[in-house]
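Here's the structure, in structure tokens; my notes come after.
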């Protein structure tokens, strides 16, 4: 079953359109990311969403690699085509926060010895998640990812519903 995608989301950026040329493809993916989050950074709750550059790899910042690769160990992350294809989705999803098509909820996660407020954005199907973290300067874009497994989608849906039941409002 295909997920229903909102009409306002940009088309996927497919590697096939670049005839399998990875270097050209990843530069194009990066150009979209750079435009959406460096040159024209969005905001949430009237606070800018920033990206981290360090540690950088191949002259691209840490946040970019978190959006297009997967893995628990930074130095061993591998590219994920589903993430690359959707690089144009985070900004419009953030801009459509709290619409029927983009549920938004908060979580608290440990980070660098402290508890950090994180805001999660999802498609209604919980098939694609974006995470930003509150910082002193606003928010940092942490990651985004495609959720293939139904049990993981249900886990995110339950997390959202539990947060709403507790009176949550991330707008």
Tilt relative to the chain, helix 22-34 - C-alpha long axis, 0 to 90 degrees, to 10: 40
The chain, helix-only ellipticity at 222 nm - DSSP H runs n ≥ 4, -39,500 (n - 2.57), divided by all residues, nearest 500: -8000 deg cm²/dmol
Please find the FRET efficiency linking residue 111 to residue 24, where r is the Cβ-Cβ separation and R0 is fixed at 35 Å, and quote it to the nearest 0.05. 0.50
Highest mean first, what order results for 106-114, 118-126 on Cβ atoms within 10 Å? 118-126, 106-114
Please arrange 85, 154 by counting, for each residue, the other beta carbons lying within 10 Å of its beta carbon, fewest first. 154, 85
For 36, 16, 3, what's the fewest-to-most ordering of other Cβ within 10 Å of each Cβ? 16, 3, 36
Hey, how many Å between the Cα centroid of segment 49-95 and the Cα centroid of segment 109-162? 14
Residue 150 to residue 78: FRET efficiency via 1/(1 + (r/R0)^6), r the Cβ-Cβ distance, R0 30 Å, to the nearest 0.05? 0.80
Segment 15-165: Rg to Rh, with Rh as the Kirkwood radius over Cα pairs: 0.95
Extension gain (nm, one decimal) between residue 137 and residue 16, 0.36 nm per residue minus Cα-Cα: 39.7 nm
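Since every read-out is calculated from the coordinates, none of them should be taken as a lab result. Note that the coordinates shown come from a computational prediction; the quantities given were computed from them, not determined experimentally. Every residue, glycine among them, receives a Cβ derived from its backbone with ideal geometry; neighbour counts consider all protein chains shown.
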